[in-house]
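The structure appears below as structure tokens.
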Amino acid sequence: MENKNIYFDLFNLPGIAGSEQLVKKYLKTEFEKYADEVIYDKLGGIYGIKKGPKNSPIIMVGAHMDEVGAMVLKLKDNGLIKMKAIGGLNGNVFSSQIMTISLQNGKKISGVTTTIPPHLKKTNNSTADFDDLFLDVGAKNKEELEQLDITVGDMITVENRIVENSQTSTIISKAVDDRWGCGLLVELLKDLKDDVLDCTLVVAGTVQEEVGLRGAQVAGSMIKPDLFIAVDVSPVSNLIAKEKRYGELGEGFLLRIRDRFSILPTSLKKWIVELAEKNGLKYQYFYSPGATDTARVELTNNGVIAGTIGLPGRYLHSSTTMFDTNDHQAAKGIVFKIVRGFSEKTLNKLKRG
């Protein structure tokens, strides 16, 4: 996996919705190396621009900087910390997990999410909502929590460990959704720096995707792209019966045909499939009950042609995600082909359908 240090750096950074600053700082450093211009929106998004010919069409490739996690909601008298999920989290998955609080003074403190040992339970019921869990940092009371400078609103993220399985070409980490996409934004600017494109390329690091695709709406309104491609991680699972699941690890990038809010335009689907097949890039058609930044961008500026290129990932919105580096290469490959192939002629073709 080329440039994996960029991806690993991004995976390790903490950054839930509303607290994406460290991710933004990292992208700023990288964007400034390769972009013609770096700009920002007022909600927290960051944009790297590679300028094309005058009046050339604009393609925006977007990835969200936020990961799922939690925030401190209340300091309890018994020394425990009540948490509030930021993004969709399953309480059963997060039981007995090590999580880290990022304090306002820049320091960090780790704890474990509470669970009652089976032999102390009155019933065998093991179901739990995330918001019913508490974080235990070892404090005896509320006063000790305050002495540690823990405050309401502090960010809480999963303690990370990155694992590379060379035998299966897989990588395991937190925050793959969507720091993978953020890493791809950096690679686009880096590898296309000296290319002559027939379009203007804007890579967008958006905010607050996990709590309602908020940054995407700002990005679409501000940049006014002619074409938008979201690069995001999408959930697949081998635990679901094969006839009922969409997407597999190791079978190529995910071409999202339909989700909760969006339908891929026929003309865009046709073009992407042609590019994939011409260049030997494996792909899978994908349906999701969720949504990506595409859903918000496509509704801006009287409508934007838009779609999502997905990386298949197992165990999304949990403490870790697994993906296949071969799928990464396929997704990266198609995004580069889309950018290099986008022009006024291509745009007119997409508009005609």
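The values are calculated or read from the model by the stated rules, or taken from the named source; none is laboratory data. Computed from a predicted model, the values in this text were never measured in an experiment. Neighbour counts run over all protein chains shown; Cβ positions are idealised from the backbone, glycine included. Side chains included, ligands, DNA and RNA excluded: accessible areas come from the protein's heavy atoms. Shrake-Rupley method; radii C 1.70, N 1.55, O 1.52, S 1.80 Å.
Length available on full extension from Ser166 to Asp136: 0.36 nm per residue minus the Cα-Cα distance, which gives 7.3 nm. Where does the chain land at 222 nm, in deg cm²/dmol rounded to the nearest 500, when only DSSP H runs of n ≥ 4 count, each adding -39500 (n - 2.57), divided by all residues? That comes out to -8500 deg cm²/dmol.
Residue ranking by accessible heavy-atom surface, 1.4 Å probe, largest first, among Asp131, Asp9 comes out as Asp9, Asp131.
Taken over the C-alpha atoms, the chain has Rg and Dmax values of 21.0, 71 angstrom. Taking N as the number of residues in segment 148-260, what is its Cα Rg relative to 2.2 N^0.38 Å? This ratio for segment 148-260 stands at 1.34. Principal-axis analysis of the Cα atoms of the chain puts helix 325-341 at an angle of about 40° to the longest axis.
Taking 0.36 nm per residue of sequence separation and subtracting the Cα-Cα distance, how much length would be gained by fully extending the chain between Ser110 and Ile263, in nm to one decimal? Walk me through the intermediate numbers first.
Details: separation 153, 0.36 × 153 = 55.08 nm, distance 4.19 nm.
Stretched fully, the Ser110-Ile263 segment lengthens by 50.9 nm.
Using only side-chain charges placed at the Cβ, +1 for Lys and Arg and -1 for Asp and Glu, the dipole size of the chain relative to its Cα centre rounds to 720 debye. Among the listed pairs Lys24/Lys108; Lys28/Lys224; Lys174/Lys278; Lys28/Lys107, those with a Cα-Cα distance over 30 Å are Lys174/Lys278.
Give the peptides 249-260, 328-339 in descending order of average Cβ contacts within 10 Å, highest first. Walk me through the numbers before you get to the answer.
Values: 249-260: 19.9, 328-339: 21.8.
Ranked from most to least packed, the peptides come out as 328-339, 249-260.
About its Cα centre, segment 199-330 has a charge dipole of approximately 260 debye under the convention of +1 per Lys or Arg Cβ and -1 per Asp or Glu Cβ, with nothing else charged.
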